[in-house]
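Structure first, commentary second.
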Amino acid sequence: MTDVQLAGLAAEYFQDHLETDPFAATMYGVPGHDGEVPDPSRDADRRRLARLEGFRRRLDAIDPTGLTGQDTVTHAMLGRLLRDNHAELASGFGSGTAEIAVSASLVGVQNQVFSTVPTVALTDAAGTEAYLRRLRGLSGYFDAAGARYREAVADGRFPTASGARQTVQQLRGYLASDLAGDPFLRPVTGADAERVAAVVRSTVRPALARLADTVSELLPVGRDDDHVGICHVPGGEAAYTAAVRAHTTTELSPAQIHEIGLTKLAEVHEEFVRLGDKVLGTSELPEILRRLRDDERLRFDNADEIVACAVAALERAEVALPQWFHRYEIARCVVEPMHPAEAEGSVLAYYRPPADDGSRPGAHVVNTHLPRSRPRFEYEALSFHESVPGHHLQVALAQSLTDIPDFRRFTYVTAHAEGWGLYTERLADEMGLYTDDLARMGMLSFDAWRACRLVVDTGMHHFGWSRDRARSFLRDNSAGTETNVRNEIDRYIAWPGQATAYLLGRLHIEDLRARATRELGNRFDVKDFHHQVLANGAVPLETLTDIVDRWIAG
């Protein structure tokens, strides 16, 4: 039986999250917030901190020893989230260190809007009016974000010059683009499109022009490429520690994470050598990486080929699912090309969850910008990660759960979510989904890239590495192209700690599977194991351990 106090607290926490970040509500497809914009100010952070402290006191008053079933998981997860949310905001940098995250990567304030706001499904007049209200509200939102950048600079917290330059370049490019292809017009047609276009022309674009001007003003004080890590910013060391703990849900230190990355990278390099001899006729690691990185015959010719590759991988995975997973009734998944307004400086792909109200499917949003720069051998692993059996199966299943609080159906816990994505890249090999050994080289390329993340993220933000040193390390130890290496390093600069969670999460899931296999013996069923990992939503790693341990104990 659900604890009434805990259920009430969980519901209030989730509602507070939606009101704090109405863009997240739109991403989840939870109605009621599509006309709102967040408040990115420091005052808003202080008010949120006070609310989190209140939630924490109420949670502490609930004795976890008296709880059973899902309530045990809810209490543990809520406790971890409240602690991590509080530590992140208490650092003073904002959620995701937003006040110094001036960037053309996916964490830049403009790209959070480009990737979220136009995804709303407009089915009636009320929805259209809410959308117009939000577009008008973006003027104040972007102005407030710019004001916070200035506040940060006044306190000696400077953005990176490289991030500022790229942001200005992206915004100027968007402002020069044809209004007819504007991303904000995607949800509307006919007369509604004319109304939206008028608001974009009169309100949204001028606000983004002002933001570009603000960021331009910051360029002279921007941190140079030798000082891109948050450790070079006042208060940055504590902020990085908080970010790493929040994303990994572990107590590992940056130095420990750095060493794990080096160890795992050496292991992946050994696999590269073994497979490289078979696929490329050489067992020399530098030559293997050079061939994968530089051979233009291994690149896509056009954007349609990229989308077709992702669609084919998704379809193969869907056919194979019943052998490895229980059957679940979940939303469908589609593949969409990334809009040009956000694509140039963005990542290879990202996943967009389905709307909870059923108005929008889940989507593997794939970057098709400059297709000749994109290695075709990596896109099968990418598709398995973003769609099925990766993020789509994980997220759509969580949304379908009816016996857990809403915050658990939607919360993104980086180590669990991205750990699962990486786990499924290797699982896809077990499932026989890769078309050939060259595609398996793509899997190894991604493995090397994720191991490098542990090294370069901690390298820049904890050990003070330069941007060039981080780029050189990633380029020399993975098969990433120059374009991808540049975009990835700039993403890690703007989002400290987030990149460390991927491989750590995968290793944790693999360790749990190995232990379950060993202890259950012939009673082990991989479908049941996957159910335990997924059927509680995204949870902190220590909570996942408890869940699997209880399952093993029977």
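Every number in this text was worked out from the coordinates using simple rules, so none of it is lab data. Predicted model, so just to flag it, every value in this text is computed and none were measured. Positions of Cβ are backbone-derived with ideal geometry, glycine not excepted, and every protein chain shown enters the neighbour counts.
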> Can you sort ARG550, ARG165 by how many other beta carbons sit within 10 Å, fewest first?
Replying inline: ARG550, ARG165
> How large is ³J(HN,Hα), in whole Hz, for each residue of region 270-281 in order, when computed from phi with the Karplus curve 6.51 cos²θ - 1.76 cosθ + 1.60 and θ = phi - 60°, using x for Gly and Pro?
Replying inline: 5, 5, 4, 4, 5, 6, x, 4, 6, 8, 10, x
> Distance from the Cα centre of region 234-268 to that of region 1-69, in angstrom?
Replying inline: 27 Å
>> Among DSSP bridges having both ends in the chain, what percentage is antiparallel? Round to the nearest 5.
In response: 45 percent
> Which FRET efficiency, nearest 0.05, do ASP16 and THR517 yield, Cβ-Cβ r, R0 25 Å?
Replying inline: 0.05
> If packing is taken as the mean number of other Cβ atoms within 10 Å per residue, what is the order of 340-348, 520-528, highest first?
Replying inline: 340-348, 520-528
> Under 5 Å between amide H atoms, partner at least 5 residues away or on a different chain: which partners does ALA349 have, H built in plane at 1.01 Å?
Replying inline: ASN367
> When the chain is fully extended, how far beyond the present Cα-Cα distance does HIS326 get from ARG57, taking 0.36 nm per residue of separation?
Replying inline: 92.9 nm
> Listing ILE260, ILE100 from the residue with the fewest other Cβ atoms within 10 Å to the one with the most, what is the order?
Replying inline: ILE260, ILE100
> Residues with amide H under 5 Å of ARG223's amide H, sequence separation 5 or more or different chain, H placed in the peptide plane at 1.01 Å from N; which?
Replying inline: THR160, ALA161
>> Can you give the FRET efficiency to the nearest 0.05 for ASP403 and ARG136, using r as the Cβ-Cβ distance and R₀ = 45 Å?
In response: 0.70
> In nm, what is the difference between 0.36 nm times the number of residues separating THR65 and PHE463 and their Cα-Cα distance?
Replying inline: 139.1 nm
> To the nearest 500 deg cm²/dmol, what mean residue ellipticity at 222 nm is calculated for the chain from DSSP H runs of n ≥ 4 alone, each contributing -39,500 (n - 2.57), summed and divided by the residues?
Replying inline: -20000 deg cm²/dmol
> How many angstrom separate the Cα center of region 196-230 from the Cα center of region 470-546?
Replying inline: 34 Å
> Antiparallel as a % of all DSSP beta bridges within region 242-508, to the nearest 5?
Replying inline: 50 percent
> At a Förster distance of 56 Å, what's the computed FRET efficiency of SER41 paired with ALA308, Cβ-Cβ distance as r, to 0.05?
Replying inline: 0.80
> If you stretched the chain out fully between THR282 and ALA147, how much longer would it get, using 0.36 nm times the residue separation minus the C-alpha to C-alpha distance?
Replying inline: 43.1 nm
